[in-house]
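Chemist: Here you go, one structure.
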Ligand code: HEC
Ligand code: HEC
Ligand SMILES: [Ca+2]
Ligand SMILES: [Ca+2]
Ligand SMILES: [Ca+2]
Ligand SMILES: [Ca+2]
Ligand SMILES: [Ca+2]
Ligand SMILES: [Ca+2]
Ligand SMILES: [Co+2]
Ligand SMILES: [Co+2]
């Protein structure tokens, strides 16, 4: 309906009929309220969805889908497009069938129903969940041409749940013990071990994300929220918590989620996600179509060790940097949105961002990480990302010196 | 699958077969990743949806649907269940067809496309949007039996958009002018007048909510965000901004959205939403089914004039109050979640909450509001809400002395 | 601030197309004229289905007449006649938003006629009245002075600023009203 | 803190049903036994479809053998044989999570047999080996000492704490690699 106004060379611009003619949406009724009692995005945004990389995994049940971070702004990730990682599919577990056992080295092994959990004091907080393998495919160099794929194994939601500490206290945990082991109800979940120090600190047994119930694929009805720690620990469909003196060394913490260094020795229990950032737009899936002049560079920064304090952005591949604007005072272990407003001269640019957190940690380059870890650690790749933006506004994932 | 364990009187509890027998979800694969590229809530939460009150309006195109606040926790409202208010339906307006005109007393009347807006520096912030008529049906006394209906014309999202100030500056607004008039592309929108002081302060021309594009029913592709001010000003499908010296006195700001006092004189341009709170659970739609003992009282508080500093809760209809726990440091003009953890003795309770903001404003009772305004002001009802919770855990909306 | 150079100049025709708001003094009204009797016919055709033949309202669709003297009563009836402060606002609203579902289809002369009819149905003008862009602003609405700027800051703010009572705030509490007595909540 | 009195005591049978994790020292293993040759047959029936007759892996399904001596190479091959530090973990994982799609259907003796087969396919035990809850923990895995606790705090933290360079940080920048050369991104 209505063509855009055409430029008429050397003369006044033609009137835009979208303005000069009454359009149907200004004449007729739109949708009634509650057309969708629970709504979805407009079909015009059909492409802002989770995506998979088929060749990554043998099937889609133990696989990953990626958050479309290139098309989002702000910091909150809607549950509907938040990345998924399952090891044997997203199970359907009713609240009525839900049980949580707290046992091991406790005075009173206990079983809680879902309704029981709702009776404990609860907390609400925002936290990012990043898979330890996020950017893993990029470890050896530029590979996937899109921020969704290179950095999309992350989401950031507001969680509500019971502090794990309260459940451990309820069971009378043995205070001399140093670990808890946490496990889900799905077949794949052979669990993870977490230092009890962390468990007593800020871990939540969560039942809401962004205000509403967890979605099935995010662990309905109950998942663990382990702020700042790698996503594999955020057990979905949480069913058991065992207080222990030693870690279990389960398959997920030996065969997987360990980082092999140059000498063949693998770091184990690498929990915290180090400070990291990425420019989400422009990026390969979000090219610039408007030519030179004002350009908004927008991105995300986060740290599993605290709050972001500063993000720097370079347009020339790291020769010169500018301090970006942070959208809001950054919260610890939550995504932080940064912006740099530039006047683009239309020439090729090499875009990078660099995050700094309140522990003083400065996001390293991949070269620095390679020098420290060798070429095989793969997990925990928080190296600086480079986008080549060409004069035509198209963007590519590249590696630079 | 599996019955819950039965209590066997006088003997050890029977084993729960949900635990002792391997359940299908621990054996088989669940859903693959990206089963839904953009997902919806689990069908088990089918009842956590927007709801309407048929008798309120002549049809559903100029009507309201209510946020299911009784079933949510935390502070963020998912777009999919955030309340809607349209005056002639939610229109379908493509980004390509979107135009925004800034005109009136400006040096350079301008037309922006959607793509133009994405080139201005942008901000991200959380803000609540409350309809001035929220709780209007409750003004004369308890009427609708549920927090969704009594207080559900509110949502709270993280918005990203361009400060309106930048667009006004771009057009070279006449700095001697005191009003802007803002209007949408839908048929009903004959617009609202806003003091230019507010327009230059914190108003956003927003295109994202909770990180993603606005949903159709929330103004896709562009709506106004007017933090702290009544929802009617948050123009959806925003199409025009006129700089003026006087307000337009449009139908929406004369016939509607004015508050009639006892002497028949109506307050006009009552923009700010005063401090308010409500206990979301327990509430009529969220009764207590677990009997006496630990009980979480959870609610929302907000102020259009600043940040919440304290919320008090009473269990005895206002005879004695306790200070509730705030989930996070409250942000200005954003919802704040509060909790009070009590040991319920199983007796009847009269639950109320009372919000205080950083201007020192203390949420009044309805009786106080009636004394000040008479019985006909209806809009801007921020009076204290009372829930009667009976011994059986059922809850009713009541009015108390 | 330095302009970003974004957007493009709005053309006169574009501004004219969208700048249709009408102020209380009638500025914004296009030239035109229409009489109440033609308005009555138009109203019957395009409006009466919802608003009734005499603009009295049908079912839950809004009535546009009556309610004089009720604004300070227990049940104020707010209509164009009893409540609206400015006649040009009626022109503005009908022109832009009515008929509901088929808005912006009326010619200016039709809108003048409809406005004349609605005002005459409210006894604010005679049944033979013709209105033009010049005369419409002269129609004085009964509730012209019925509005005051928001004075909550002055009138109320002091009322709810006291440090609130925390204990033994009142001797007893009585339930005065119950939502279930009304029973109007959707199931 | 005073308990809330929520939840109920877990029964012994319930704890037994869920407390099936197996530690490196074999604690948690149930009594049972199984030999590699029976394991081979079970493996052919239930596992080989994905993992191959010799546990070498089929297509993109994981291989469970080989990779010795590759962990410090450019392309480490991580399998049960080359990488897993503890044999009881294999029992734990197979018992709980395999066969994929039909997990927790194997009897303990079957799991012992399958574990014996996978270990023998890795040349870590002989082809006639029987394993029990007593003997399994004694199987020494080659990469037993191949793990170290996270030492990023000591080994790396100092490397990225310097105040970063802001201007003229390097004389030139060269593109070394391009995602489009690989061309593996989904369309
Ligand atoms: C199909 C039903 C329908 C028809 C036909 C219709 N209207 Fe309306 N009218 C409405 C509704 C609904 C509203 C209230 C809209 C809202 O909620 O904002 C309304 C509001 C009005 C109002 C404002 C009332 C107030 O007090 O705020 C006026 C004036 C009005 N209509 C005049 C007209 C005229 C003149 C016509 C014919 C040219 C017309 N209407 C045709 C349904 C209708
Ligand atoms: C239908 C395919 C399929 C079948 C049949 C199957 N597996 Fe697997 N197996 C997998 C997949 C997929 C994984 C990886 C799961 C994940 O991503 O967490 C796996 C992982 C494993 C691993 C861990 C490998 C590692 O290095 O972490 C072992 C050991 C294993 N399987 C043993 C078995 C045994 C024993 C059987 C038969 C009893 C079996 N599998 C049957 C698909 C299968
Ligand atoms: Ca799109
Ligand atoms: Ca439900
Ligand atoms: Ca105007
Ligand atoms: Ca009167
Ligand atoms: Ca155990
Ligand atoms: Ca080697
Ligand atoms: Co790790
Ligand atoms: Co108001």
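The values are calculated or read from the model by the stated rules, or taken from the named source; none is laboratory data. Bear in mind the structure is a predicted one, so any value in this text is a computation, not a measurement. Cβ: placed from backbone, ideal geometry, glycine included. Neighbour counts: every protein chain shown.
Chemist: Checking residue A:288 against (1) over 23 Å from residue A:180 (Cβ atoms); (2) within 16 Å of ligand 2 (Cβ to nearest atom), only one condition comes out false. Which one?
Modeler: Status for residue A:288: all satisfied but (2).
Chemist: Can you tell me which residue within segment B:44-56, out of those that are more than 7 Å from every other protein chain (Cβ to nearest Cβ) and within 10 Å of ligand 4 (Cβ to nearest atom), is farthest from residue C:57 (Cα to Cα)?
Modeler: B:46
Chemist: Within segment B:371-386, restricting attention to residues that are surrounded by 20 or more Cβ atoms within 10 Å (Cβ to Cβ) and at the interface with chain C (Cβ under 10 Å from one of its Cβ atoms), which residue is farthest from residue B:153 (Cα to Cα)?
Modeler: Top of the filtered list is B:373.
Residues are listed down the side, and each one gets a yes or a no for (1) assigned to a strand (DSSP E or B); (2) over 23 Å from residue A:46 (Cβ atoms):
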site: B:44; (1), (2): no, yes
site: B:49; (1), (2): no, no
site: B:76; (1), (2): no, yes
site: B:85; (1), (2): yes, yes
site: B:88; (1), (2): no, yes
site: B:93; (1), (2): no, no
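Chemist: If you don't mind, there's one more thing I want to ask. Only one of (1) within 16 Å of ligand 7 (Cβ to nearest atom); (2) under 23 Å from residue D:144 (Cβ atoms) fails for residue D:16. Which number is that?
Modeler: If we test residue D:16 against (1) within 16 Å of ligand 7 (Cβ to nearest atom); (2) under 23 Å from residue D:144 (Cβ atoms), just (2) comes out false.
Chemist: Only one of D:54, D:83 is within 16 Å of ligand 9 (Cβ to nearest atom), touching a residue at least 12 places away in the same chain (Cβ under 8 Å) and farther than 25 Å from residue B:26 by Cβ. Can you tell me which? So that I can check it myself, show each step before the final result.
Modeler: Numbers: D:54 fails: within 16 Å of ligand 9 (Cβ to nearest atom).
None of the others qualify; the one that does is D:83.
Chemist: Are there helices (runs of 4 or more DSSP H) fully within segment C:1-104 with at least 1 residues that are in contact with a strand residue (DSSP E or B) (Cβ under 6 Å, 6 or more places away or on another chain)? List them.
Modeler: Those helices (runs of 4 or more DSSP H) span C:12-18.
Chemist: Part of a loop (DSSP other than H, G, I, E, B) and either under 23 Å from the mean Cα position of the chain (by Cα) or at the interface with another protein chain (Cβ under 7 Å from one of its Cβ atoms) (or both): is that true of residue A:115 in this structure? It would help to see each step written out before you state the result.
Modeler: Values: part of a loop (DSSP other than H, G, I, E, B): no; either under 23 Å from the mean Cα position of the chain (by Cα) or at the interface with another protein chain (Cβ under 7 Å from one of its Cβ atoms) (or both): yes.
No, not satisfied.
This table checks each residue for (1) within 16 Å of ligand 9 (Cβ to nearest atom); (2) away from every other protein chain (no Cβ under 14 Å); (3) farther than 30 Å from residue A:367 by Cβ.
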{"site": "D:73", "(1), (2), (3)": "no, no, no"}
{"site": "D:130", "(1), (2), (3)": "no, yes, yes"}
{"site": "D:150", "(1), (2), (3)": "yes, no, no"}
{"site": "D:153", "(1), (2), (3)": "yes, no, no"}
{"site": "D:163", "(1), (2), (3)": "no, no, no"}
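Chemist: Only one residue in B:82, B:90 is surrounded by 24 or more Cβ atoms within 10 Å (Cβ to Cβ), more than 7 Å from chain A (Cβ to nearest Cβ) and within 27 Å of the chain's Cα centre (by Cα), so which one is that?
Modeler: Working: B:90 fails: more than 7 Å from chain A (Cβ to nearest Cβ).
Step by step, each of B:82, B:90 is checked, and only B:82 is surrounded by 24 or more Cβ atoms within 10 Å (Cβ to Cβ), more than 7 Å from chain A (Cβ to nearest Cβ) and within 27 Å of the chain's Cα centre (by Cα).
Chemist: While we're looking at this one, here's another question. Please give the number of the condition residue C:3 fails out of (1) surrounded by fewer than 18 Cβ atoms within 10 Å (Cβ to Cβ); (2) at the interface with chain B (Cβ under 9 Å from one of its Cβ atoms); (3) touching a helix residue (DSSP H, G or I) at 6+ places or on another chain (Cβ under 9 Å); (4) within 26 Å of residue B:59 (Cβ to Cβ).
Modeler: (4)
Chemist: Do any residues in segment B:273-301 that are under 17 Å from residue B:149 (Cβ atoms) have Cβ atoms under 7 Å from those of residues that are in a loop (DSSP other than H, G, I, E, B) and modelled with pLDDT under 95, where the two are at least six apart or on different chains, and which pairs are they?
Modeler: If the second residue must be in a loop (DSSP other than H, G, I, E, B) and modelled with pLDDT under 95, no pairs are left.
Chemist: Okay, moving on. Collect the residues in segment A:200-220 that are more than 22 Å from residue B:210 (Cβ to Cβ) and buried (at least 24 other Cβ atoms within 10 Å of the Cβ), keeping them in residue-number order.
Modeler: The first filter runs over segment A:200-220 and keeps only residues more than 22 Å from residue B:210 (Cβ to Cβ), leaving A:200-203, A:205.
Matches in segment A:200-220: A:203, A:205.
Chemist: Related question: Which is crowded, with 21+ Cβ neighbours inside 10 Å and under 30 Å from residue A:272 (Cα atoms), of D:115, D:94, D:184, D:125?
Modeler: Values: D:115 fails: under 30 Å from residue A:272 (Cα atoms); D:184 fails: crowded, with 21+ Cβ neighbours inside 10 Å; D:125 fails: under 30 Å from residue A:272 (Cα atoms).
When all the criteria are applied, what remains is D:94.
Chemist: Also, I was wondering about something else. Let me confirm something: among D:9, D:36, D:44, which residue is more than 11 Å from chain A (Cβ to nearest Cβ) and either crowded, with 20+ Cβ neighbours inside 10 Å or under 24 Å from residue A:182 (Cβ atoms) (or both)?
Modeler: Values: D:9 fails: more than 11 Å from chain A (Cβ to nearest Cβ); D:44 fails: either crowded, with 20+ Cβ neighbours inside 10 Å or under 24 Å from residue A:182 (Cβ atoms) (or both).
Just a single option satisfies the conditions, and that option is D:36.
Chemist: Would you mind finding the one in B:94, B:51, B:99 that is at pLDDT 95 or above, more than 16 Å from ligand 3 (Cβ to nearest atom) and assigned by TED's automatic domain parsing to the domain that holds residue B:191? Walk me through how you get there before you give the answer.
Modeler: Details: B:94 fails: more than 16 Å from ligand 3 (Cβ to nearest atom); B:51 fails: assigned by TED's automatic domain parsing to the domain that holds residue B:191.
Only one candidate qualifies: B:99.
Chemist: Look through segment A:13-34, keep the residues that are farther than 18 Å from residue B:221 by Cα and more than 7 Å from every other protein chain (Cβ to nearest Cβ), and return whichever of them is modelled with the lowest pLDDT.
Modeler: Within segment A:13-34, the match that is modelled with the lowest pLDDT is A:14.
Chemist: Give the residue that is nearest to ligand 5 (Cβ to nearest atom), with candidates limited to residues of segment B:57-79 that are more than 30 Å from residue A:160 (Cα to Cα), more than 8 Å from chain A (Cβ to nearest Cβ) and in contact with a strand residue (DSSP E or B) (Cβ under 7 Å, 6 or more places away or on another chain). Even if it seems obvious, please write down each step before you answer.
Modeler: Of segment B:57-79, the ones more than 30 Å from residue A:160 (Cα to Cα) are B:57-63.
Narrowing the set further to residues that are more than 8 Å from chain A (Cβ to nearest Cβ) leaves B:57-58, B:62.
Now narrow it down to the ones that are in contact with a strand residue (DSSP E or B) (Cβ under 7 Å, 6 or more places away or on another chain): B:57, B:62.
Details: B:57: 30, B:62: 24 Å.
Per the stated criteria, the residue is B:62.
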